[in-house]
Amino acid sequence: MSLIVLTTGLALCQSFEVASIKPSDPQARRTRIGISPGGLFAAQNVTVKILIQHAWDVRDFQISGGPGWLDTERYDITAKGDGPDVSEDDMRKMTEVQRNKLEEKYLIKVRALLADRFQLKVHRETKELPVYALIVAKGGAKIRRPTEDGSPGGRLSMRRESAGTEVTGQKAVLAQLVRLLSDQVGRTVVDKTGLEGSYDFKMSFAPDQPAESDGPSIFTALQEQLGLKLEAQKGPVEVLVIDSAQKASAN
């Protein structure tokens, strides 16, 4: 998408040079959010709640307050900042760590965009809530150190199919796995394994209703396939409290 196309019907805002916010097609089913080649930030069919989760790197259970439409109204957003243009080839060669660093620069702008166009005001609190501690299971960890084959590292991918979900780590650090586990189990996961560095691993588990599948639950798969375990505990969890928000006008 060229800048000329992007600027059609755009309004200037504090966070990006130009940004377009429009209601999504009610028939749209696919949700996408991220950085596109050319240095564009694009979000399709997203709620403001999803944008908040992405911009502050929090899960849904870490967000408190706010009007109900934050979960229901969906938008298409396209924005262009003053950062470097990134080609499709550049993005393909990046490690996940490099992509995350690039994305973080844009997410700072997304926070400002939410404050400017949705009049979003938030503050942080820390509460004592149920958490899961990720520990090494009895018998030891089964994840392995990566082979030095020169391939890009720092990648963690998840593939969903009707039969279940497969998670593959390639030179991935446990912080990446912890984040994925938090999303899956709906609770903050704290790494207490003491394992450092990067690892290769693969794990497959059943859908949300394991009784309808022959596959193991995510808890069983984690222990049997990776030699790790989630242990229920209580601990401090950072919560993002929404003080106020208003619907943005389309442009």
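Read-outs throughout are calculated quantities, based only on the coordinates presented, and are distinct from any laboratory measurement. If you're wondering where the values come from, they're calculated on a predicted model, not measured in any experiment. Note that each Cβ is placed from the backbone with ideal geometry, even for glycine, and that neighbours are counted across all protein chains shown.
Points worth noting:
- Distance (nanometres) between label positions extended 7 Å along Cα→Cβ at Lys142 and Thr126: 3.6 nm
- Ranked Asp76, Asp89, criterion: other C-beta atoms within 10 Å, fewest first: Asp89, Asp76
- Protection proxy ranking for 113-125, 45-57, using the average of other Cβ atoms within 10 Å per residue and placing the highest first: 45-57, 113-125.
- Cα-based radius of gyration for region 127-237, normalised by 2.2 N^0.38 Å, reads 1.07.
- For a straight C-alpha distance cut-off of 30 angstrom, the lysines reachable from Lys247 (same-chain residues fewer than eight places away being disregarded) are Lys22, Lys49, Lys80, Lys101, Lys105, Lys109, Lys121, Lys127.
- Two-site FRET efficiency, Thr31 against Thr220, from Cβ-Cβ distance with R₀ of 35 Å, rounded to 0.05: 0.75
- With each label modelled as a point 7 angstrom along the Cα→C-beta vector, the Arg160-Arg92 pair spans 2.7 nm.
- Reach of Lys229 by Cα under 21 Å, taken over lysines that are not fewer than 8 positions away in the same chain: Lys138, Lys142, Lys171, Lys192, Lys202
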